[in-house]
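The values are calculated or read from the model by the stated rules, or taken from the named source; none is laboratory data. No experiment lies behind these values; they were computed from the predicted model shown. Counting neighbours? That spans all protein chains shown, and the Cβs are built from the backbone with ideal geometry, glycine included. The accessibility values were calculated without ligands, DNA or RNA, using every heavy atom of the protein model including side chains. Shrake-Rupley method; radii C 1.70, N 1.55, O 1.52, S 1.80 Å.
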Amino acid sequence: MAPHLPAGIHFVPAHPVAGTEYSGPDSGFATLFVNRWCILTPPQECRQPSRRTLAGFLAGARANVDIMTAEHHDLVLAVTSHLPHLIAYTIVGTADDLAQVTRSEVLQFSAGGFRDFTRIAASDPTMWRDVFLANKHARARNARRFKRDVAILTRAIRRGDGDALFDHFTRTRAIRKGIVAIGQDFACAGFWPPTSGLAAWTATSGDRG
């Protein structure tokens with residue numbers, strides 16, 4: 001953007017980590033940014049007043065604001081958003097490709113975990129194609145790490161190593177509880193959240209990466 005900006009104009013890149021699997025202006029709603037994080041990645045030459053102006057605007061939408069370099073942003077989001085989307089696209093595709101299971105059975109008997117993956121996999125394919133290609137180095141690195149971790153768990157299952165599985169599941173369960181504890185999701189049971197929290201839950205039910 002920098003070469004195309006007029007003199008005196010300071011462009012502040014920002015990434016609202018909010019939204020759903022739906023795209024376009026009609027998918028917005030009043031509480032979209034409430035308690036969601038928005039990451040600013042201003043270049044060094046960007047003046048402080050411009051940063052404060054945008055941060056104040058986002059705070060007015062009741063968003064949380066953090067600042068980091070563009071490079072660190074790409075590393076963080078590769079883990080928290082891009083890799084989950086890659087996994088979701090893969091798992092849903094794998095389920096659809098299984099010859100022993102019909103598509104109607106996949107739809108009819110989808111458990112909660114699979115439904116979560118299908119929601120993520122419903123995200124805009126054009127946008128996510130571009131996201132993966134634009135950040136391909138961080139994505140490939142995290143994909144390799146994920147492949148290694150899956151291999152470790154597969155080996156534990158094959159060896160009957162219940163302790164290794166229990167320790168891993170306990171650690172990851174604590175991470176989920178931490179996300180709920182800081183207000184980034186609801187700890188609701190069943191298929192749907194409490195009615196009183198539906199609007200806020202909708203804001204948490206997906207992300208745009």
query: Relative contact order, percent, of segment 35-131 when contacts are C-alpha pairs under 8 Å separated by at least 6 residues?
result: 26
query: (1) 66, 41, 40; (2) 47, 38, 37; (3) 63, 41, 33: which one is Cα extents along the principal axes in Å as calculated from this entry?
result: (3)
message: Around Ala164, under 13 Å between beta carbons, what's the net of Lys plus Arg minus Asp minus Glu among the other residues?
response: 0
task: Using the Cα centre as the reference, give the magnitude of the dipole from point charges on the C-beta atoms of the chain (Lys, Arg: +1; Asp, Glu: -1; all else neutral), rounded to the nearest 20 debye.
output: 500
field: Highest-MSF residue in the chain out of Ala78, Ala18, Ala134 [GNM, Cα springs under 10 Å]
entry: Ala134
statement: Amide H neighbours of Ala14 at under 5 Å, excluding residues fewer than 5 places away on the same chain, with H built from the backbone geometry, are Thr41
message: Need the C-alpha centroid separation for segment 1-74 versus segment 143-163, integer Å.
response: 38
Net charge, Phe114 excluded, C-beta distance under 12 Å - Lys, Arg +1, Asp, Glu -1: -1
Cα long-axis angle, helix 125-134 against the chain (0 to 90 degrees, to the nearest 10): 70
query: Helix 162-181 sits at what angle to the longest principal axis of the chain, using alpha carbons and giving 0 to 90 degrees rounded to 10?
result: 30
statement: With the 1.4 Å probe rolled over protein heavy atoms, segment 139-181 has an accessible area per residue in Å² of 83
message: If you count only protein heavy atoms with a 1.4 Å probe, what accessible area per residue comes out for segment 36-124, rounded to a whole Å²?
response: 61
task: Rank-order 31-39, 105-113 by packing density, defined as the average count of other C-beta atoms within 10 Å over each peptide's residues, highest first.
output: 31-39, 105-113
task: Tally up the carbon and sulfur contribution to the accessible surface of segment 61-103 as a whole percent, 1.4 Å probe, everything protein left in place.
output: 63
field: Cα-based helix-to-principal-axis angle, 83-97 vs the chain, degrees rounded to 10
entry: 40
query: For segment 82-155, what D do you get in µm² per second when you plug the Kirkwood radius from alpha-carbon pairs into Stokes-Einstein at 37 °C and 0.692 mPa s?
result: 241
- prompt: What residues have an amide H closer than 5 Å to that of Arg36, excluding those fewer than 5 places away on the same chain, when H is modeled at 1.01 Å from N in the peptide plane?
  reply: Asn64
